[in-house]
1. Looking at segment 25-32, is at least one residue open to solvent by less than 70 Å² (accessible area, probe 1.4 Å), at pLDDT below 95 and of a type in the set (A, V, I, L, M, F, W, C)?
2. I'd like the full set of residues that are open to solvent by 70 Å² or more (accessible area, probe 1.4 Å) and either under 20 Å from ARG75 (Cβ atoms) or within 9 Å of the ligand (Cβ to nearest atom) (or both), limited to segment 8-19.
Amino acid sequence: MPQVVETASFRSDDVDCLVAASLACPSCLSGEVDWRLGMTPWDGWVDCRCTRCGHERRVYLAPDQALRLSLHEARPLDPVPHPGIGDVPL
Ligand SMILES: [Zn+2]
């Protein structure tokens, strides 16, 4: 089976629930995922492990995405949507 490289799908200014959803387990769709940020001067990634089914994967990050997740090492992501907060006015 070919190796697949996954890249994160959130924007650095997305609300927490969208960032959390992008890290959700692709196998069982659980949002209960433990993640650990990894960085070198050239690459950023997050290692994710689903606490429900045990699925593990590495997701590569752009520099601004790595910065965003580094902020959540002290303040956990809030996976609950809060309609109206963080919405972009039309
Ligand atoms: Zn899972």
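1. Checked against the condition, which is being open to solvent by less than 70 Å² (accessible area, probe 1.4 Å), at pLDDT below 95 and of a type in the set (A, V, I, L, M, F, W, C), segment 25-32 yields no hits at all.
2. ARG11, ASP13, LEU18
To keep it simple, each residue is scored yes or no on (1) in contact with a Ser or Thr (Cβ under 7 Å, 6 or more places away or on another chain); (2) away from the ligand (no atom under 16 Å from the Cβ); (3) open to solvent by 30 Å² or more (accessible area, probe 1.4 Å).
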| residue | (1), (2), (3) |
| --- | --- |
| GLU6 | no, no, yes |
| ALA21 | no, no, yes |
| ASP34 | yes, no, yes |
| ASP47 | no, no, yes |
| CYS50 | yes, no, no |
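The values are calculated or read from the model by the stated rules, or taken from the named source; none is laboratory data. Treat the numbers as computed from the prediction; the structure is a model and nothing was measured. Cβ sites come from the backbone with ideal geometry, for glycine too, and all protein chains shown count toward neighbours. Surface areas here come from the heavy atoms of the whole protein model, side chains and all, with no ligands, DNA or RNA. Shrake-Rupley method; radii C 1.70, N 1.55, O 1.52, S 1.80 Å.
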